[in-house]
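Asks: There's a structure below that I have some questions on.
Just so it is clear, none of the values below were taken in a lab; they were calculated from the coordinates. From a predicted model like this one, the values you see are computed outputs, not experimental measurements. As a convention, Cβ positions derive from the backbone with ideal geometry for all residues, glycine included, and neighbour counts pool all protein chains shown.
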Amino acid sequence: MNTHIAAKDRHSETRSSAWTFLIVGGVGLLVITLALAGVIRLPLNTFSLAVLEGMFFLFLIIAAVSFRNAMKMLDDIARENDLESRIRTWAEEHLNAEELSEGLDADIPEEERFFILSEAIRRRLMPAFPEIDDAYADKLTEDFYNELF
């Protein structure tokens, strides 16, 4: 199982969380403010309403921080896309199924074949791109294996 989460997915999750906090915080703050102003009645005392208003205000702060973090992630997406493009170009030039499976016995079980070939892909990938982390290398290795075999 792959543990790498793409920058694009992290950005999407952060942005989604920011919108959720913004909507819930805004609606909650509005309802509690209306209750404190006496426009609507809620079965809570003034102290409880004030605590809730503070909580919904914190939701708005969390939303703002999440939106800011999502904006910062845009650079990560561009860097990751560039890196993946360079890696894929390298893979087209340096990885081919015949060369990787050369010398492998045809009677090897499929699971063992997967591990042997994946390790061969990884041994070639890591020296060429030492800046990638293990989770990303695992994802790329699995992707290349699936594309080649």
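Asks: If one takes the longest principal axis of the Cα atoms in the chain, at what angle in degrees, from 0 to 90 and to the nearest 10, does the Cα axis of helix 110-128 lie?
Replies: Computed tilt is about 80 degrees.
Asks: In a Gaussian network model over the chain where Cα atoms closer than 10 Å are linked, find which of ASP76, ASP133, ASP107 has the largest mean-square fluctuation.
Replies: Residue with maximal mean-square fluctuation among ASP76, ASP133, ASP107: ASP107.
Asks: Determine the gain in length on full extension of the stretch HIS4-ARG79; use 0.36 nm per residue of separation and subtract their C-alpha separation, reporting nm with one decimal.
Replies: 25.5 nm
Asks: Do you know the relative contact order of the range 63-149, to the nearest whole percent, from alpha carbon pairs under 8 angstrom that are 6+ apart? If you can, show how the numbers build up before the last one.
Replies: Values: 24 pairs, mean separation 26.2, N = 87.
About 30 percent, as a whole number.
Asks: How much length, in nm to one decimal, is gained on full extension between ASP134 and LEU58, taken as 0.36 nm per residue of separation minus their Cα-Cα distance? The partial results should precede the final answer.
Replies: Details: separation 76, 0.36 × 76 = 27.36 nm, distance 3.63 nm.
That works out to 23.7 nm of additional length.
Asks: With the contact rule set at Cα under 8 Å and sequence spacing of 6 or more, what percent relative contact order holds for the chain? Numbers along the way, then the final one.
Replies: Working: 96 pairs, mean separation 45.2, N = 149.
Relative contact order for the chain comes out at 30 percent.
Asks: May I ask for the angle, rounded to the nearest 10°, between helix 46-94 and the longest principal axis of the chain, with both axes built from Cα atoms and the value confined to 0 to 90°?
Replies: Helix 46-94 and the main axis of the chain meet at about 20 degrees.
Asks: At what distance in nm do the modelled label points of ALA106 and SER17 sit from each other, each positioned 7 Å from its Cα along Cα→Cβ?
Replies: Output for this residue pair reads 5.3 nm.
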